[in-house]
Amino acid sequence: MRIGELSQRTGVSPRSLRYYEDQGLLTSSRSDAGQRHYSDAAVQRVSLIRQLFDAGMSSRVIATVLPCVDIPDELDVAEETFTAMMRERDRIDADIAHLIETRDALDALIRANSRHRAELSTAPEPVAQST
């Protein structure tokens, strides 16, 4: 199938499909005219790539995980994939911890601002001075 059909079948833009190919995540053959042609298996491959992106992985990490799909019976590949996924999970945990710290700092600023606004609303109006 050509890139437009793969795009329709997967809901992924042709631009993204070309990016996946540039990153080595997806392969195609080329016609004499240079048009990309994909196998039917590309639909499942693109779906998996989307799942991995949705899980927060970068294309670089996805490239290290995909060999597990391509060579499913190779223990070394399975171990490398497991290690890569655990590293990504640890990275996400660190990101979450940082976001919680950031949110807590913002909450402290919001509380301080709320107290300040309350003080302003209960403060007596300044008396206008005549000249």
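The values are calculated or read from the model by the stated rules, or taken from the named source; none is laboratory data. None of these values were measured; they are calculated from a predicted model. Note: ideal-geometry Cβ built from the backbone for every residue, glycine included; neighbour counts use all protein chains shown. Surface areas here come from the heavy atoms of the whole protein model, side chains and all, with no ligands, DNA or RNA. Shrake-Rupley method; radii C 1.70, N 1.55, O 1.52, S 1.80 Å.
Values as computed for the structure displayed
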quantity	calculated
Residue check, residue 110 out of contact with any Asp or Glu (no Cβ under 9 Å at 6 or more places or on another chain) and over 23 Å from residue 7 (Cα atoms)	yes
Selection status of residue 34, touching a helix residue (DSSP H, G or I) at 6+ places or on another chain (Cβ under 9 Å) and at pLDDT below 90	no
Of residues in the stretch 19-50 being among the basic types (Lys, Arg) and under 20 Å from the mean Cα position of the chain (by Cα), the one most open to solvent (accessible area, probe 1.4 Å)	50
Sole exception among (1) at positive phi; (2) surrounded by 13 or more Cβ atoms within 10 Å (Cβ to Cβ) for residue 67, by number	(1)
Within the stretch 28-38, considering residues that are without any contact (Cβ under 8 Å) to a residue 12 or more places away in the chain and among the polar types (S, T, N, Q), the one farthest from residue 65 (Cα to Cα)	31
Residues of the stretch 1-18 satisfying the condition of being within 18 Å of the chain's Cα centre (by Cα) and loosely packed, with under 14 Cβ neighbours inside 10 Å	11, 13, 15
Long-range neighbours under 9 Å by Cβ, at least six apart or interchain, first residue over 15 Å from residue 19 (Cα atoms) within the stretch 43-55, second acidic (Asp, Glu) and assigned to a helix (DSSP H, G or I)	55/88
Breaking point among (1) in contact with a Phe, Trp or Tyr (Cβ under 8 Å, 6 or more places away or on another chain); (2) of a type outside the set (Asp, Glu); (3) without any contact (Cβ under 8 Å) to a residue 12 or more places away in the chain, for residue 2	(3)
Boolean, residue 89 is at pLDDT 90 or above and either among the aromatic types (Phe, Trp, Tyr) or under 30 Å from residue 2 (Cβ atoms) (or both)	no
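Per-residue answers, yes or no, for (1) surrounded by 13 or more Cβ atoms within 10 Å (Cβ to Cβ); (2) in contact with a helix residue (DSSP H, G or I) (Cβ under 7 Å, 6 or more places away or on another chain); (3) not basic (Lys, Arg):
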{"site": "52", "(1), (2), (3)": "yes, yes, yes"}
{"site": "60", "(1), (2), (3)": "no, no, no"}
{"site": "63", "(1), (2), (3)": "yes, no, yes"}
{"site": "77", "(1), (2), (3)": "yes, yes, yes"}
{"site": "90", "(1), (2), (3)": "no, no, yes"}
{"site": "99", "(1), (2), (3)": "no, no, yes"}
